[in-house]
Amino acid sequence: MEINEDIVIVGAGIGGLATSLGLHRLGVRSIVLESSDSLRTSGFALALWTNAWRALDALGVGDFLRQRSIHFTRFQAFSANSGLPTAEISLEADNKPIDYDSRCIKRQDIVETLEKELPPGTIKYSCRVISIQQSGLYKLVHLANKTIIRTKVLIGCDGVNSVVAKWMGLPKPINANRSAIRGYVEYPKAHGFEPKFCAYFGGGVRIGFLPCDHKSLYWFCTFTPSAVDYDEKIEGSPTKLKQFVLSLANNVSKEAYNILERTSLDCLYCAKLKLRTPWNILMKENIVKNNTCLVGDALHPMTPDIGQGGCSTLEDSVVLARCISEAIFAKNLEDDDQLCKIIEVGLEKYAKERKWRIFNLITTSYLVGLAQESNGKVISYLREKFLAQFSIETMVKMGDFDCGKLLT
């Protein structure tokens, strides 16, 4: 069976849903192909900085999601070796833009909110893409259920192991030689923790704690396996993973240790960190090729050290929706071939607008991770003196970005 669609988005994660919603707000129809049989709400939470909230506001869902989270008042950093404070910065709006905001929010809340704003039937479940073919100006998307979708525009929002990115010929993301364990804690009553981002840096680890709301907290632990005597065999055992995290947290505060200890075994997740080499992003054909483009982790997986993975994905979605819409409605087009060609101009504009921003995010995140996590004597001394303060100021600065409105 062959189906014709103007715009096909692969992946119903945050990037795919946000891109489809952005197009919908602008009067452009799209469908979203999702390999799962229902909306994927797995994953715990993510920090959203000002740039992400601006993007969510552009999509029309920012205020609703703010009601399901709490605003951070400050960012505090401590030494993971001694537990002593090393840096602090206010996250209040004083001397900052009026729309300045930073929060941690459950991933489930984001995807469910985006999904509810889409027209019924936009997401096509149990639609796993197995191959893609070029057919003139069109793409033939082959699904595991034997369906073939003929489309003018193909957008890959299918994550770090993107089928679309592979078809475009992008090199695989590289291993950052670091790993991350993430966790989530629910309290029966209010947890009583301050609305702040609290992090411990050094000794080969980064441990952070962020309240999502008054009853739940998200935490992360990134580490360099070679620096902390890590055995990969424990990745299949939640019990051993928890014991490992607790051993890394010996020098952090008792309060933080108790959060880790309280985490149930089914609320732990471990993954190796990967990133796209930043110079690959500078080549236009790695972002856009033959009316095919990429969004989010499919385009720019990065280390989580400045908390910009999900935020930059939302930026991508707003910019891409705007560029496609501007191209489509700029002229009165007489046939499909003309539409394909004018959309190509819009996609090239998207690539041009995003490449340097993405390059800076990937590079900055990697360097901040080195500054915060490394355990060498020199870097440890510099971190205690000024790098910890510089690195968290850099995190906040990178989040103060405006991708613009959907309509210019």
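Taking Val318, is it at pLDDT 95 or above and buried (at least 19 other Cβ atoms within 10 Å of the Cβ)?
yes
If I go through segment 210-227 residue by residue, how many of them are closer than 30 Å to Glu194 by Cα and in contact with a helix residue (DSSP H, G or I) (Cβ under 9 Å, 6 or more places away or on another chain)?
First, the residues of segment 210-227 that are closer than 30 Å to Glu194 by Cα: 210-224.
With the extra rule that they be in contact with a helix residue (DSSP H, G or I) (Cβ under 9 Å, 6 or more places away or on another chain), the set shrinks to 212, 217, 219, 221-224.
Here the count works out to 7.
What are the residues in segment 297-312 that are closer than 24 Å to Cys198 by Cα and in a helix (DSSP H, G or I), if any?
Hits for segment 297-312 are Gly309, Gly310, Cys311, Ser312.
Quick one: is Asp37 in a strand (DSSP E or B) and either touching a residue at least 60 places away in the same chain (Cβ under 8 Å) or open to solvent by less than 10 Å² (accessible area, probe 1.4 Å) (or both)? Talk me through it step by step, then tell me what you get.
Numbers: in a strand (DSSP E or B): no; either touching a residue at least 60 places away in the same chain (Cβ under 8 Å) or open to solvent by less than 10 Å² (accessible area, probe 1.4 Å) (or both): yes.
Taking the combined requirement at face value, the residue does not satisfy it.
Return a yes/no flag: does segment 348-356 have any residue that is more than 30 Å from Ser135 (Cβ to Cβ) and in contact with a helix residue (DSSP H, G or I) (Cβ under 9 Å, 6 or more places away or on another chain). Reasoning before the result, please.
As a first pass, look at segment 348-356 and keep what is more than 30 Å from Ser135 (Cβ to Cβ): 356.
Applying the additional criterion that residues be in contact with a helix residue (DSSP H, G or I) (Cβ under 9 Å, 6 or more places away or on another chain) yields 356.
For segment 348-356, residues more than 30 Å from Ser135 (Cβ to Cβ) and in contact with a helix residue (DSSP H, G or I) (Cβ under 9 Å, 6 or more places away or on another chain): present.
Return the residues of segment 248-263 that are among the hydroxyl-bearing types (Ser, Thr, Tyr) and touching a residue at least 60 places away in the same chain (Cβ under 8 Å); say none if nothing qualifies.
Passing the criteria: Ser253, Thr263.
Looking only at segment 252-282, how many residues end up being outside any helix (DSSP H, G or I) and open to solvent by 80 Å² or more (accessible area, probe 1.4 Å)?
So the answer is 3.
Kindly list, by first and then second residue, each pair from a residue in segment 60-87 that is at positive phi to a residue that is open to solvent by less than 20 Å² (accessible area, probe 1.4 Å) and outside any helix (DSSP H, G or I), limited to pairs with Cβ atoms under 8 Å and residues at least 6 apart or on different chains.
Within 8 Å, the pairs are Gly83/Tyr200; Gly83/Val252.
Are any residues in segment 324-339 surrounded by fewer than 24 Cβ atoms within 10 Å (Cβ to Cβ) and either part of a helix (DSSP H, G or I) or among the aromatic types (Phe, Trp, Tyr) (or both), and if so, which ones?
Ser325, Glu326, Ala327, Ile328, Phe329, Ala330, Asp336, Asp337, Gln338, Leu339
What pairs come up if the first residue lies in segment 333-353 and is more than 12 Å from Lys152 (Cα to Cα), the second is open to solvent by 60 Å² or more (accessible area, probe 1.4 Å) and in a helix (DSSP H, G or I), and their beta carbons are under 6 Å apart, counting only those six or more places apart or on different chains?
Ala351/Lys284
Here is a check on your reading of the model: is Cys270 closer than 30 Å to Ala190 by Cβ, in contact with a strand residue (DSSP E or B) (Cβ under 9 Å, 6 or more places away or on another chain) and modelled with pLDDT of 90 or more?
Spelling it out, Cys270 is indeed closer than 30 Å to Ala190 by Cβ, in contact with a strand residue (DSSP E or B) (Cβ under 9 Å, 6 or more places away or on another chain) and modelled with pLDDT of 90 or more.
Residues checked against (1) aromatic (Phe, Trp, Tyr); (2) more than 27 Å from Phe209 (Cβ to Cβ):
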| residue | (1), (2) |
| --- | --- |
| Asp335 | no, yes |
| Leu339 | no, yes |
| Ser365 | no, no |
| Gln372 | no, no |
| Tyr381 | yes, no |
| Ile392 | no, no |
| Met398 | no, no |
| Phe401 | yes, no |
| Leu406 | no, yes |
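In segment 304-314, which residues are open to solvent by less than 10 Å² (accessible area, probe 1.4 Å) and under 10 Å from the mean Cα position of the chain (by Cα)? Step through it out loud before you land on a result.
From segment 304-314, those open to solvent by less than 10 Å² (accessible area, probe 1.4 Å) are 305-306, 308, 311-312, 314; that's our starting set.
Correct list: Gln308, Cys311, Ser312, Leu314.
Of all residues in segment 372-389, count the ones that are touching a residue at least 24 places away in the same chain (Cβ under 8 Å) and not polar (S, T, N, Q).
4
Specify the residue that is farthest from the chain's Cα centre (by Cα); the eligible residues are those in segment 167-183 that are open to solvent by 50 Å² or more (accessible area, probe 1.4 Å) and either hydrophobic (A, V, I, L, M, F, W, C) or within 26 Å of Gly369 (Cβ to Cβ) (or both).
Ranking the qualifying residues of segment 167-183, first place goes to Trp167.
The values are calculated or read from the model by the stated rules, or taken from the named source; none is laboratory data. None of these values were measured; they are calculated from a predicted model. Using ideal geometry, Cβ is built from the backbone for each residue, glycine included, and neighbour counts are taken over all protein chains shown. Ligands, DNA and RNA are excluded from the accessible area calculation, which covers all protein heavy atoms including side chains. Shrake-Rupley method; radii C 1.70, N 1.55, O 1.52, S 1.80 Å.
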